[in-house]
Amino acid sequence: MKIKIMLAAAALAAGLASPALAGDPTGLWQTPTNGGQVRISRCGQALCGVLVTSDHIRRDPNARDEHNRNAEQRGRTLRNLPMLTGFTGGPTEWRNGSVYNPADGGTYRGTITMTNDNSLRLRGCIVAPLCKTQTWTRIQ
């Protein structure tokens with residue numbers, strides 16, 4: 001009987017400590033700037049993310065990607081704009097992705113690190129050590 005209780009307790013503890021959810025960056029995230037919300041999802045073996053809303057989009061639902069360095073892409077709407085592409089790795093850190101910043105039209109090499117279930121750190125670099133880091137908070 002004692003062994004069954006110990007096995008049940010061990011199984012319960014393993015279930016509570018399961019990394020399946022702890023390192024899962026998929027979901028909707030609040031950015032610290034411009035009221036941005038980004039939905040991160042899986043794109044094949046990689047992570048990607050699109051801009052769902054921001055202060056700019058709330059003011060003008062048809063706001064365009066006017067700062068894009070590629071003039072041909074300045075007509076894209078900000079809503080559902082791909083911002084994160086090609087992040088691979090896990091279970092708590094994804095590297096070698098690209099971060100598009102619609103505020104300056106630049107694309108940067110990035111890393112996503114889960115700091116806990118509801119917080120992640122996004123780092124984008126022109127070239128190390130010229131990097132910026134933001135902490136995003138999970139909405140859902």
Query raised in the report: Can Q134 be described as part of a loop (DSSP other than H, G, I, E, B) and in contact (Cβ under 8 Å) with a residue 40 or more places away in the chain?
Result: no
Requested in this report: Pairs only if they're at least six apart or on different chains, beta carbon under 7 angstrom, first in region 40-57 and of a type in the set (A, V, I, L, M), second open to solvent by 50 Å² or more (accessible area, probe 1.4 Å) and in a strand (DSSP E or B); list them, first residue then second.
Outcome: A46/T88; V50/R39; V50/P82; V52/R39
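Say we look at region 91-108 and pick out the residues that are part of a loop (DSSP other than H, G, I, E, B) and not polar (S, T, N, Q); which of these is least open to solvent (accessible area, probe 1.4 Å)?
The initial filter retains those residues of region 91-108 that are part of a loop (DSSP other than H, G, I, E, B), namely 91-92, 102-105.
Still in the list and also not polar (S, T, N, Q): 91, 102-105.
Details: P91: 86, P102: 25, A103: 65, D104: 62, G105: 5 Å².
Here the residue is G105.
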Query - Checklist (1) surrounded by fewer than 18 Cβ atoms within 10 Å (Cβ to Cβ); (2) farther than 19 Å from Q37 by Cβ applied to R121, failing item - result: (2)
Report summary line: Here the residues within region 54-75 that are of a type in the set (D, E, K, R), open to solvent by 70 Å² or more (accessible area, probe 1.4 Å) and in contact with a strand residue (DSSP E or B) (Cβ under 8 Å, 6 or more places away or on another chain) are R64, R69, R74
Requested in this report: Can you run down the residue pairs with Cβ atoms below 6 Å, 6 or more apart or on separate chains, where the first is in region 71-90 and part of a loop (DSSP other than H, G, I, E, B) and the partner is of a type in the set (G, A, S) and open to solvent by less than 40 Å² (accessible area, probe 1.4 Å)?
Outcome: L78/A63
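Out of the residues in region 38-50 that are open to solvent by 10 Å² or more (accessible area, probe 1.4 Å) and assigned to a strand (DSSP E or B), which is farthest from T77 (Cα to Cα)? Talk me through it step by step, then tell me what you get.
Here is the first cut: in region 38-50, the residues open to solvent by 10 Å² or more (accessible area, probe 1.4 Å) are 39, 41-46, 48, 50.
From the residues that got through so far, the ones that are assigned to a strand (DSSP E or B) too are 39, 41-43, 46, 48, 50.
Details: R39: 16, S41: 20, R42: 22, C43: 21, A46: 24, C48: 18, V50: 12 Å.
Among residues in region 38-50 that are open to solvent by 10 Å² or more (accessible area, probe 1.4 Å) and assigned to a strand (DSSP E or B), the one farthest from T77 (Cα to Cα) is A46.
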Report task. State the number of residues belonging to region 57-91 that are in contact with a Pro (Cβ under 8 Å, 6 or more places away or on another chain) and modelled with pLDDT under 95. Result -> 1
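The values are calculated or read from the model by the stated rules, or taken from the named source; none is laboratory data. It should be emphasised that the depicted structure is a prediction, and the values quoted were computed from it without experimental measurement. Because the Cβ atoms are built from the backbone with ideal geometry, glycine has one as well, and the counts that use them run over all protein chains shown. To get the accessible areas, we keep the full protein, side chains included, count just its heavy atoms, and leave off ligands, DNA and RNA. Shrake-Rupley method; radii C 1.70, N 1.55, O 1.52, S 1.80 Å.
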